[in-house]
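Comments concern the structure below.
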Amino acid sequence: VTERKLNFSSGPAVLPDVVLRAAQSALWDLEGTGIGILEHSHRGKEFGAVLARTEARVRAVASIPDDYAVLFLTSGATVQFAMVPENFLAGGVADYCHTGVWSGKAIEEARRYGQPHVACSSEADRFSYIPDRFEWSAAPRYVHFTSNNTIYGTQWRGEVRSEPPVPEGVPLICDASSDLFSRPIDIRKYTLLYASAQKNLGPPGVTVVIVRRDFLESGAKGLPPLAQYRTYAKEASMHNTPNTFGIYVIGEVMQWILDQGGLAAMQQHNEAKAKVVYDFLDGSQAWRGHARPDSRSLMNLTFRGATPELEDRMVAAAEAQGLSGLRGHRSVGGLRASMYNAFPLHGAQRLVDLLGEIERTG
Ligand code: PMP
């Protein structure tokens, strides 16, 4: 048996132990059915029950109202960058909040289908903060934003700025890939919200979409069936073979969240971990956070060392001690500690202990 590492990966990322144990057993035999989860027909009653309970648990976790559909798409969030404008832009104007690499990709895709207008941007300051000045278009089809910027380590949060102050009546669309279900969420503020699963929800290759039903019906017709949200809603995400294993794991992760005390408990846990690291950074001479304090992400914590050599020494020492995945994304450099829901508090402490040791020994 190998010792498992402390996994700071930005995604695919750490999953709860109990979920992995359950999945391990379900690979061989799904809960006494005599067939493994990878081998069950997606049309059989056994997988039907898995899909139904996964949807029910997603709804329970976030108190999702009945007039919203919960869809499971067999692809990543990148597909949503195109699918959203393909369905809802139709040559028109949509406002985009530009806060990092992923919002940039969403804007690029939107250009294929209409005119994305950048309503706010922190690009000039290396995406180190969440903007607080907005220039809305006259009549945008929707506003799109990225709730957590995985690469730069900033997050829309706090009473005032958990989302952009959208003009009355404009649909709000959110890429919540790296913070969905890490904190309480009021689904009614959103018209459509999507998240690829490989951070807080489960394995890669499946995207959860939560969308108001009347809005999804307003989408373009005449697109290929799998490019229309209404197909997934009408056929319960089963127009073709869905990502059965991914949906199973999401169901287990949702049960784990509920057992832990739900989204309020997730938020408390995530705040406690982030505080350990940010408090350390604020008191350190050698390490400095990238994000402005009011925009700091609780999920992806980005920081730099005083010199590149210090960073290299830290990464080498971390790898030697089983702290994995701390190297920052190539576009920002430095270090990044991703600490999603399933990441343990003691891991945050291990990280700052080592950062402090490297700082002292130079
Ligand atoms: N949006 C955000 C905020 C992300 O962090 C990522 C992946 N890291 C994506 C979109 C793209 O997801 P995928 O690779 O599943 O398409």
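The values are calculated or read from the model by the stated rules, or taken from the named source; none is laboratory data. All of these numbers come straight from a predicted model, not from anything done at the bench. Using ideal geometry, Cβ is built from the backbone for each residue, glycine included, and neighbour counts are taken over all protein chains shown. For accessibility, only protein heavy atoms count, side chains too; no ligands or nucleic acids. Shrake-Rupley method; radii C 1.70, N 1.55, O 1.52, S 1.80 Å.
Observations, loosely collected:
- Every helix of 4 or more DSSP H residues in the chain counts as -39500 (n - 2.57), and over all residues that averages to -12000 deg cm²/dmol at 222 nm.
- Of all the options Ser331, Ser182, Ser103, the one that moves most in a Gaussian network model of the chain with Cα springs shorter than 10 angstrom is Ser331.
- Beta bridges by DSSP in the chain, antiparallel share as percent, to the nearest 5: 55 percent
- Potential lengthening between Arg111 and Arg4 on full extension [0.36 nm per residue; Cα-Cα distance subtracted]: 34.1 nm
- Based on C-alpha pairs under 8 angstrom that are at least 6 apart in sequence, the chain has a relative contact order of 23 percent.
- Counted over region 130-267, the DSSP beta bridges are approximately 50% antiparallel.
- Choice from Gly11, Gly36, Gly334 showing the highest fluctuation, given a GNM over the chain with Cα pairs closer than 10 Å: Gly36
- ³J(HN,Hα), Karplus 6.51/-1.76/1.60, whole Hz, each residue of region 170-175, x for Gly, Pro: 8, x, 9, 10, 10, 8
- Cα gyration tensor shape for region 142-273, rounded if a/c is under 1.5, else prolate or oblate: oblate
- Charge dipole (the chain, unit charges on Cβ, about Cα centre) - positive-most of His269, Asn341, Gly11: Gly11
- For the chain, modelled as a GNM whose springs connect Cα atoms under 10 angstrom apart, the maximal fluctuation among Gln24, Gln115, Gln80 occurs at Gln24.
- Of all accessible heavy-atom area on region 17-106, the percent that carbon and sulfur account for (1.4 Å): 58 percent
- Our coupling estimate for region 39-51, obtained by passing each phi through the Karplus curve with A = 6.51, B = -1.76, C = 1.60 and θ = phi - 60°, is 10, 6, 4, 5, 8, x, 5, 5, 5, x, 5, 5, 4 Hz, Gly and Pro reported as x.
- Per-residue packing, averaged as other Cβ atoms within 10 Å, sorts the ranges 213-221, 27-35 into the order 213-221, 27-35, beginning with the highest.
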